[in-house]
1. Using only Cα atoms and rounding to the nearest 10 degrees, what angle (0 to 90) does helix 115-135 make with the longest principal axis of the chain?
2. Within the range 135-167, name every residue whose backbone N is under 14 Å away from a label modeled 7 Å from Cα of GLU88 along the Cβ vector.
3. Considering the dipole of the range 1-148 built from charges on the beta carbon (Lys and Arg +1, Asp and Glu -1) around the Cα centre, which of VAL19, MET121, TYR49 is farthest to its positive end?
4. Can you tell me the 0 to 90 degree angle between the C-alpha axis of helix 141-167 and the longest principal axis of the chain, rounded to 10?
5. Starting from the Cα of TRP200, step 7 Å along the direction of its Cβ; do the same at VAL160; then give the gap between the two resulting points in nm.
6. Enumerate lysine pairs in the chain that are 8 or more residues apart or on different chains, then count those whose Cα atoms are under 26 Å apart.
7. Between 0 and 90 degrees, rounded to the nearest ten: what's the tilt of helix 82-99 against the longest Cα principal axis of the chain?
8. Charges at C-beta only: +1 for Lys and Arg, -1 for Asp and Glu. How large is the resulting dipole of the range 56-111 about its Cα centre, in Debye rounded to 20?
Amino acid sequence: MPPRQRLSPADRRAQLLAVAAQFFAAQAYDEVLMEDVAERAGVSRALLYRHFPSKRDLFAALYQQVADQLLAKARFDPADSLVKQLAEGLDAHIEYFAENRNTVLAANRVLAGDRVVRTIMDEELDALRERLLGALPPTGGRTREAVSGALKSWLVFVQVLCVDWLIKPNCTRAELRDVCIGAVLGAIRPLLDEDPAPDWPR
């Protein structure tokens with residue numbers, strides 16, 4: 001075990017999450033051991049468990065951090081091209097998925113029924129839906145509800161499609177991104193009076 005460093009509680013938590021991210025990315029969820037995380041971080045198991053009472057708690061904290069970081073990269077501004085912003089947000093997500101395959105599969109397969117992990121994913125999707133709604137031409141009433149419903153379904157579609165792609169990558173990242181963009185435009189165009197993406201072919 002490397003010499004223990006004196007860190008503030010916040011810095012120690014950040015360090016432990018950084019170490020955990022390496023393990024969960026490199027190994028399947030069931031193969032990650034708390035004692036290995038503690039050893040690499042240079043702390044006792046007792047200290048690790050003081051910050052994270054279980055492996056599930058450690059993983060959930062890590063996935064919350066990931067969701068926050070990916071949300072920060074998904075910017076939507078009505079003044080900018082919708083397609084460009086969709087592409088940037090999807091590229092960031094697909095890049096993370098590809099580079100952290102085991103982490104993503106843990107969240108979407110191994111811990112799919114876990115209430116805490118499920119809540120983190122649902123809250124990220126809800127935040128993305130609200131940002132997308134804000135970037136689209138203004139709508140109200142039933143039209144807004146219909147668009148919101150279409151976006152909610154699309155986000156779930158993207159999540160499932162990307163996880164399936166991780167298991168069997170049968171297209172390139174760019175093709176995966178463009179399938180997702182084409183799907184959302186096809187879903188919302190019939191509901192809007194104004195084309196949200198005139199630069200994207202019908």
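The values are calculated or read from the model by the stated rules, or taken from the named source; none is laboratory data. Keep in mind that this is a model prediction, so the values were computed, not measured. All Cβ positions, even for glycine, are placed from backbone atoms using ideal geometry, and neighbour counts span all protein chains on display. Remember, those area values only see protein heavy atoms, side chains included, never the ligands or the DNA or RNA. Shrake-Rupley method; radii C 1.70, N 1.55, O 1.52, S 1.80 Å.
1. 30 degrees
2. 135
3. The listed residue farthest towards the positive side: TYR49.
4. Helix 141-167 sits roughly 50 degrees off the main axis of the chain.
5. 2.0 nm
6. Details: LYS73/LYS84; LYS73/LYS152; LYS73/LYS168; LYS84/LYS152; LYS152/LYS168.
Summing the qualifying lysine pairs gives 5.
7. 30 degrees
8. Numbers: 6 positive and 8 negative charges, 48 e Å.
In total the dipole reaches around 240 debye.
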